[in-house]
Amino acid sequence: MTTRIAEDQVLNPGTRTTRNAPYAVPEDLPHLQALADTQVLPSNAPYQLNLTLPPEPFIGLHDAPLVMLLANPGVSDADPAAYARPGVTGRTLQHIAHPGGTPNHFMTHPDKDHPGLRWWSRALNGLTK
């Protein structure tokens with residue numbers, strides 16, 4: 001759900017995302033939970049909605065001169081442990097709520113074991129060389 005505060009200004013839903021699992025904007029949560037509840041069959045496993053990890057709808061500065069649209073990397077087996085480490089979930093939630101965005105926190109934070117850093121490193125490998 002997008003909330004407009006003026007004709008050309010949109011509120012960032014990341015500022016209203018819950019701070020604990022299940023993660024969602026409160027008025028979206030019943031709808032997202034209903035969708036997740038329909039995805040309990042093993043045949044749906046690759047496409048299940050995961051509300052136990054913080055969302056990462058975008059990474060970077062909102063006024064960046066270059067925007068890259070990438071596929072959703074999905075959830076790795078290492079993600080729950082990575083987000084359980086102190087500060088990781090809080091840093092992610094601060095990132096999505098920050099006005100104007102922030103630099104890619106996976107690339108700028110010293111957490112070298114986070115699966116997000118490994119994914120971004122592979123995705124940007126050709127550009128960073």
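The values are calculated or read from the model by the stated rules, or taken from the named source; none is laboratory data. Everything numeric in this text was worked out from a predicted model, so none of it was measured. All Cβ positions, even for glycine, are placed from backbone atoms using ideal geometry, and neighbour counts span all protein chains on display. All accessible areas refer to the heavy atoms of the entire protein, side chains included, with ligands and DNA or RNA removed. Shrake-Rupley method; radii C 1.70, N 1.55, O 1.52, S 1.80 Å.
A few remarks follow.
- Karplus-derived 3J(HN,Hα), 6.51/-1.76/1.60, for each residue of segment 100-109, Hz, glycine and proline x: x, x, 9, x, 4, 5, 5, 7, 10, 9
- The H on the amide N of Gly101, modeled in the peptide plane, is under 5 Å from the matching H of His62, each at least 5 residues off or on a different chain.
- When only Cα pairs below 8 angstrom with a gap of at least 6 residues are kept, the chain shows a relative contact order of 23 percent.
- Accessible-area rank, largest first, for Ile96, Ile59: Ile59, Ile96, with all protein chains present and a 1.4 angstrom probe.
- Mean residue ellipticity (222 nm) of the chain, computed from DSSP H runs ≥ 4 via -39,500 (n - 2.57), nearest 500: -9000 deg cm²/dmol
- Ranked order, Lys129, Lys112 - accessible area, probe 1.4 Å, largest first: Lys129, Lys112
- Rolling a 1.4 Å probe over the protein heavy atoms of segment 66-129, with every protein chain left in place, gives an accessible area that is 61 percent carbon and sulfur.
- Taking Cβ atoms as reference points and 15 Å as the exclusive limit, the residues near Phe106 contribute a net charge of +1, counting Lys and Arg as +1 and Asp and Glu as -1.
- Amide H within-cut-off set for Ala24, under 5 Å, with H built and near neighbours excluded: Thr18
- With distances taken between every two different alpha-carbon atoms, the chain has a Kirkwood hydrodynamic radius of 16.3 Å.
- In the full protein context, the chain carries 68 Å² of accessible surface per residue, based on a 1.4 Å probe and ignoring ligands, DNA and RNA.
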